[in-house]
Amino acid sequence: MEFKQGNDNQAVNSARVVVCGASSELGQDICQRLSNNGYSLLLLGRNLALLEQIRGTLPGEHQVAQVDLNEPDSLTEHIIANATAHGPFQGAVQCAGVHQMTPLRSTCYADFERMFRINTGGALALLQAFTRKKVRAAGAPTSVVLLSSVSQSQAEPAVSGYAASKAAMAALCRSAALELAKDQVLVNCIAAGMIKTPLNNGYAEVAAEAISAIENKHPLGFGQPGDISDAVLYLLQQNRWSTGSTLYVDGGFSCRA
Ligand SMILES: NC(=O)c1ccc[n+]([C@@H]2O[C@H](COP(=O)([O-])OP(=O)(O)OC[C@H]3O[C@@H](n4cnc5c(N)ncnc54)[C@H](OP(=O)(O)O)[C@@H]3O)[C@@H](O)[C@H]2O)c1
């Protein structure tokens with residue numbers, strides 16, 4: 001299958017791609033960008049009505065299905081069942097995630113575990129589906145993109161559970177990349193800087209100053225969802241020699257490390 005650098009509104013391929021967390025603010029933009037570039041999507045999330053609504057805005061043919069990452073194994077099962085019934089996938093994007101701002105003193109293990117289950121467990125479950133031959137399209141490498149965060153390497157207070165889950169996701173990415181290279185599955189992370197979405201409402205709740213302090217740490221200011229969609233499209237289309245890497249898309253946030 002021929003992949004070209006995609007211009008929006010120009011269908012260049014009909015490869016199938018799983019988008020888990022398609023209802024997220026970033027996921028919706030990613031779905032728009034990928035469908036504009038001719039990809040056929042399987043949109044996954046908990047809110048079926050919202051997924052149907054998003055599907056209605058996308059050009060092309062797409063499927064939706066309900067998955068709750070509180071049971072990560074159900075994601076693996078859904079992807080395998082869908083590939084068996086409708087054909088294999090050329091790529092996948094994991095953008096479901098939860099974030100919580102809690103000082104260490106009041107962080108409880110249940111919240112910590114929830115962030116690991118959904119953020120890291122979701123990524124693991126997605127990757128596990130791609131260990132199955134029937135899930136991967138033959139004849140070209142498969143590209144899996146995990147949405148991580150600058151929190152994986154840049155410290156901020158009161159986000160220890162989230163940061164730890166995203167750092168674990170990057171470690172998972174590297175190990176999976178080694179294990180799946182023989183199967184031509186490329187696994188990469190995007191470490192995103194802050195894009196104002198419902199995910200980080202917690203900062204505004206703590207204090208308005210917290211938001212402007214974080215904005216000041218982004219030399220190019222806060223990002224837009226399209227900045228992440230650009231990177232996702234690039235990682236899906238590069239299909240030969242990048243694997244196990246983390247691409248920082250963060251307006252310069254991590255330059256000071
Ligand atoms: N926004 C940022 O600044 C930023 C920065 C760095 C990284 N990221 C990462 O980018 C990804 C998307 O972020 P966003 O800002 O677009 O988030 P968002 O708008 O808050 O959306 C969160 C997504 O996670 C899904 N989700 C939550 N719990 C779930 C569960 N139990 N099972 C299945 N899906 C579940 C939600 O689906 P439902 O509709 O089912 O609730 C929703 O699609 C996250 O992984 C986040 O960590 C975001």
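Of the residues making up the range 10-40, those that are in a strand (DSSP E or B) and under 10 Å from Cys95 (Cβ atoms) number 2.
Residue check: is Gln184 closer than 30 Å to Thr131 by Cα, polar (S, T, N, Q) and open to solvent by 60 Å² or more (accessible area, probe 1.4 Å)? So Gln184 fits the description; yes. Inside the range 228-247, residues that are without any contact (Cβ under 8 Å) to a residue 24 or more places away in the chain and surrounded by 15 or more Cβ atoms within 10 Å (Cβ to Cβ) make up a count of 1. Restricted to the range 29-40, and to residues there that are open to solvent by 30 Å² or more (accessible area, probe 1.4 Å) and over 13 Å from His62 (Cα atoms), the residue that is nearest to the ligand (Cβ to nearest atom) is Asp29. In this structure, does Leu186 turn out to be part of a strand (DSSP E or B), within 11 Å of the ligand (Cβ to nearest atom), modelled with pLDDT of 95 or more and under 23 Å from Leu126 (Cβ atoms)? No; evaluated as a whole, the condition is false for this residue. The number of residues in the range 214-237 being in a helix (DSSP H, G or I), more than 15 Å from the ligand (Cβ to nearest atom) and more than 25 Å from Ser175 (Cα to Cα) comes to 1. Apart from one condition, Leu180 fits all of (1) more than 10 Å from the ligand (Cβ to nearest atom); (2) part of a strand (DSSP E or B); the exception is (2). Taking the range 198-227 as the range and being hydroxyl-bearing (Ser, Thr, Tyr) and loosely packed, with under 14 Cβ neighbours inside 10 Å as the test, only Ser212 passes.
Please find, among Lys166, Lys133, the residue that is without any contact (Cβ under 8 Å) to a residue 60 or more places away in the chain and under 30 Å from Ser254 (Cβ atoms).
Values: Lys133 fails: under 30 Å from Ser254 (Cβ atoms).
So the residue among Lys166, Lys133 that is without any contact (Cβ under 8 Å) to a residue 60 or more places away in the chain and under 30 Å from Ser254 (Cβ atoms) is Lys166.
One residue is enough: does the range 238-257 have a residue meeting the conditions modelled with pLDDT under 95, farther than 28 Å from Tyr39 by Cβ and not in a loop (DSSP other than H, G, I, E, B)? Looking for residues that are modelled with pLDDT under 95, farther than 28 Å from Tyr39 by Cβ and not in a loop (DSSP other than H, G, I, E, B), one finds at least one in the range 238-257, hence yes. Highlighted here are the strands (runs of 3 or more DSSP E) found entirely within the range 41-151 that include at least 3 residues which are open to solvent by 10 Å² or more (accessible area, probe 1.4 Å) and within 13 Å of the ligand (Cβ to nearest atom): 63-66.
Note on the range 152-174: residues that are open to solvent by 10 Å² or more (accessible area, probe 1.4 Å), assigned to a helix (DSSP H, G or I) and out of contact with any strand residue (DSSP E or B) (no Cβ under 9 Å at 6 or more places or on another chain) amount to 4.
Can you find even one residue in the range 17-32 that is in contact with an Asp or Glu (Cβ under 9 Å, 6 or more places away or on another chain), under 20 Å from Pro225 (Cα atoms) and modelled with pLDDT of 95 or more? Explain how you work it out, then say what you get.
Just the residues of the range 17-32 that are in contact with an Asp or Glu (Cβ under 9 Å, 6 or more places away or on another chain), to begin with: 32.
This time we only want the ones that are under 20 Å from Pro225 (Cα atoms), so: 32.
Of the ones still in play, those that are also modelled with pLDDT of 95 or more are 32.
Within the range 17-32, one or more residues are in contact with an Asp or Glu (Cβ under 9 Å, 6 or more places away or on another chain), under 20 Å from Pro225 (Cα atoms) and modelled with pLDDT of 95 or more.
The values are calculated or read from the model by the stated rules, or taken from the named source; none is laboratory data. Predicted, not measured: the structure shown is a model, and the values here were computed from it. Cβ sites come from the backbone with ideal geometry, for glycine too, and all protein chains shown count toward neighbours. These area figures cover heavy atoms from the full protein model, side chains too; ligands, DNA and RNA do not enter into them. Shrake-Rupley method; radii C 1.70, N 1.55, O 1.52, S 1.80 Å.
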